[in-house]
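The values are calculated or read from the model by the stated rules, or taken from the named source; none is laboratory data. No experiment lies behind these values; they were computed from the predicted model shown. Quick reminder, even Gly has a Cβ in these numbers, built from the backbone with ideal geometry, and neighbours come from all protein chains shown.
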Amino acid sequence: MPAEPSSSSSHRRTPPLRRTRVFSTTAIDVFFFSSSSDIGVSFQSPSLASAMSLGETASPNPEPTVDSLLHLDRISLKRKLDDCVEDTDLISVRMKTDSDDLAVNSYSLDESLPSTSSNSSDDPISTIHFFVRMISGGRTVVIHANPEDSVQSVHEQIRRLTGIPTDEQRLIYGGRQLRPDASLAECSVVNDAGLHLVGRMRSTLHPRAWQLANGAVAAACRLARGDRGTLSYDVRDHVEEFLTICPRDGSDGDLSYVHLQVFRQAGVPSALVMLFLSPIKAHRECADEAIRLFLTPNVDFLPKIAQTQCASIVLEFCQLLSRTAQDDPLYMSCRNTLGSMLESIGTAHETELFDRKKEIAVIRDLFPFVTELAERVSVGLRQMMSTTPCTPMPSSDLRDFANVLLPLRRAIMDRVRGWGAFPISLNECGSKRPSCEDEIQSLHTLFLDLLENTDECLKNVGEHLVAKGTVESERHRTEWSQYLAVLKELNSISKLYEGAEEKFRAVLKVRKFALNALIRYAKRIEDHLWVLDHKDVTDFESRRHLVMLLFPDVKDEYEELHEMLIDRSQLLAESFEYIGRAEASALHGGLFMEFKNEEATGPGVLREWFCLVCKAIFDPQNALFLPCPIDRRRFYPNPALRSMCK
């Protein structure tokens, strides 16, 4: 007869288990077992598990949480549980260590509890079952495994069931701790063995950081529960002090980074977002203030150099808020800050700021934001075409799209280069089945959609120029400059895919007239060097304008002048001496020129000196430059100078 292990010597018959799913979300399944005193809760995410264990929900929708469900059914459930006299919770878990993708809410429960006898197993030769007892609460987990399975696989199954991280678990058997890399057979774990699960004491260089982070989580959860003894500013105070004690400039950068990662490892971002989604206004304002501490550099709390190290924290805020609050100003601010950080970082994968994540992890983290921003840019382009006068799209959407797209493209390029040929052939992509196939194909679809909308916009620009003329079109200079910014990003995406550059170039050729008009409206602060790769679609005036933008802006007045006193008889030598020893930044300012033994000064003298120096530079006797034998107006460096410079 199947028997249930108990702390007493007596054995009782256990009726078959029936489980009823009460509710389910993407992160948690809750079951009531009708013939046991168990309330089984299976978590797929440890961070959400810790939040749900405190009675909180990860969604603003009024889904029931564990605590609310227990509260509503307290009376009827108590009658059911009082009929049972079980002292120890028993959960039977079938181990499958070869599959890391096993969902917790899909594990199999036997029709009846296993017997303590070895004959109760389906295959007593290849499998064993043993018991893992939690010291806290007296809960016991029954696990089936193969003798050659590792102890680490048991740790992982316990993590999936309880939400306890594997690095915080210790399994004790026979008076000694089991090594994670050892097999069950090596540890002499046999049928009906009793293992004890205990917690691992955390050793850290930042004990105060952990205290403040855990205090912030506890305060947020108490507020969400409505604890009258908790004040709303307790949460902000914990976060503020956490940032205040972060190592500053001049100290070890690794210590600063490890300190900030404590915030995320303790689950504070999830707790703050949970509080922000509260229907109570005071709670929302409290969480909003705490989160915004990471979004703006502050001399007292978060210096600029330390803010960049918060990139993974801000990314987690964005991921949590994007699911429920995409139109909220707080989410917009988080996304803008993330874009600015990614612009300065450039490459996200394999960097310490993002926990040394591989390319595939960074692609999956950033692609949802690229999709969202690309859709917003497409909507903005369509609105610019349909409204009169032309209404520009929000500049933040376009800027964030470019900033997030950059590390995503680099991650895809490195991923694909390690996988096969580059650029990407979508036909081969489907046959080789890379792990990021969906994201790669979706980005190509976004490229085609944006290219189509931009083509329509350029068509409208051309028609407007023909109908209204160049002078009338000057009023749309600011709005139309956004088209060039979109084209720049499309040009970068086109380099990823086979045949995409040809499609992009075809649009530029068809809209050549509008493109050249937009280039002539370009400003100095914008980056349009990508246009130089498409000389066949630009005219001389457009290229001349782009070249002029490369020079510094001309100023009439300068705070400091670079002074030179030149002897006419040693014009070239002394001029070279003054210029050679000057700082580059000083030459960007004004020049004050005076010839020895002459009283004249001013712009006329400066212009005369410049003309004399140019003539001396191109004088054949000085051998600096030689005239072109075909066109005497052209010069090239004298090859003999190579020997003179050595």
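Considering only the stretch 267-294, how many residues are farther than 14 Å from GLN307 by Cα and under 19 Å from the mean Cα position of the chain (by Cα)?
Taking the stretch 267-294 and keeping what is farther than 14 Å from GLN307 by Cα, we get 267-290.
Right, trim to under 19 Å from the mean Cα position of the chain (by Cα) and you get 267-270, 272-273.
Number of matching residues: 6.
Within the stretch 320-340, count every residue that is touching a residue at least 24 places away in the same chain (Cβ under 8 Å), part of a helix (DSSP H, G or I) and either farther than 13 Å from ARG399 by Cβ or not aliphatic (A, V, I, L, M) (or both).
The first filter runs over the stretch 320-340 and keeps only residues touching a residue at least 24 places away in the same chain (Cβ under 8 Å), leaving 320-326, 330, 332-340.
If we keep only those that are part of a helix (DSSP H, G or I) as well, we get 320-322, 330, 332-340.
From what's left, either farther than 13 Å from ARG399 by Cβ or not aliphatic (A, V, I, L, M) (or both): 320-322, 330, 333-337, 339-340.
So the count comes out to 11.
Please work out which residue is farthest from the chain's Cα centre (by Cα), limiting yourself to the stretch 221-242 and to residues that are farther than 13 Å from GLU289 by Cα and at pLDDT 90 or above. Before the answer, list the steps.
Step one: of the stretch 221-242, the residues farther than 13 Å from GLU289 by Cα are 221-231, 241-242.
From what is left, the residues that are at pLDDT 90 or above are 241-242.
Values: GLU241: 25, PHE242: 22 Å.
Here the answer is GLU241.
Name the residue that is modelled with the lowest pLDDT, counting only residues in the stretch 415-451 that are outside any helix (DSSP H, G or I) and of a type outside the set (A, V, I, L, M, F, W, C). Write out each step before concluding.
Keep residues of the stretch 415-451 that are outside any helix (DSSP H, G or I), which gives 420-425, 433-436.
Keeping just the survivors that are of a type outside the set (A, V, I, L, M, F, W, C) gives 420, 423, 425, 433-435.
Working: GLY420: 58, PRO423: 71, SER425: 74, ARG433: 47, PRO434: 51, SER435: 60.
My answer is ARG433.
Against the definition (within 39 Å of the chain's Cα centre (by Cα), modelled with pLDDT under 85, over 19 Å from ASN491 (Cα atoms) and surrounded by 10 or more Cβ atoms within 10 Å (Cβ to Cβ)), how does TYR521 come out, yes or no? Outline the logic, then answer.
Details: within 39 Å of the chain's Cα centre (by Cα): yes; modelled with pLDDT under 85: yes; over 19 Å from ASN491 (Cα atoms): yes; surrounded by 10 or more Cβ atoms within 10 Å (Cβ to Cβ): yes.
Against the criterion (within 39 Å of the chain's Cα centre (by Cα), modelled with pLDDT under 85, over 19 Å from ASN491 (Cα atoms) and surrounded by 10 or more Cβ atoms within 10 Å (Cβ to Cβ)), TYR521 qualifies.
Quick check: is even one residue across the stretch 592-600 surrounded by 12 or more Cβ atoms within 10 Å (Cβ to Cβ), free of Cβ contacts under 8 Å to residues at least 12 places away in the same chain and not in a loop (DSSP other than H, G, I, E, B)?
Looking only at the stretch 592-600, we keep the residues that are surrounded by 12 or more Cβ atoms within 10 Å (Cβ to Cβ), and these are 592-595.
Right, trim to free of Cβ contacts under 8 Å to residues at least 12 places away in the same chain and you get none.
So far as the stretch 592-600 goes, no, none of its residues is surrounded by 12 or more Cβ atoms within 10 Å (Cβ to Cβ), free of Cβ contacts under 8 Å to residues at least 12 places away in the same chain and not in a loop (DSSP other than H, G, I, E, B).
For LEU508, work out the one condition from (1) buried (at least 19 other Cβ atoms within 10 Å of the Cβ); (2) more than 33 Å from the chain's Cα centre (by Cα) it doesn't fulfil.
The single condition LEU508 does not satisfy is (2).
Take the stretch 581-591 and flag every residue that is surrounded by fewer than 15 Cβ atoms within 10 Å (Cβ to Cβ), at pLDDT 80 or above and under 17 Å from PHE610 (Cβ atoms).
ALA582
Give me the pairs, please: first residue somewhere in the stretch 401-417 and more than 25 Å from LEU484 (Cα to Cα), second residue anywhere and acidic (Asp, Glu), beta-carbon distance under 6 Å, and either six or more positions apart or on two chains.
Close Cβ pairs (under 6 Å, with a partner that is acidic (Asp, Glu)) amount to ASP414/GLU359; ARG415/GLU359.
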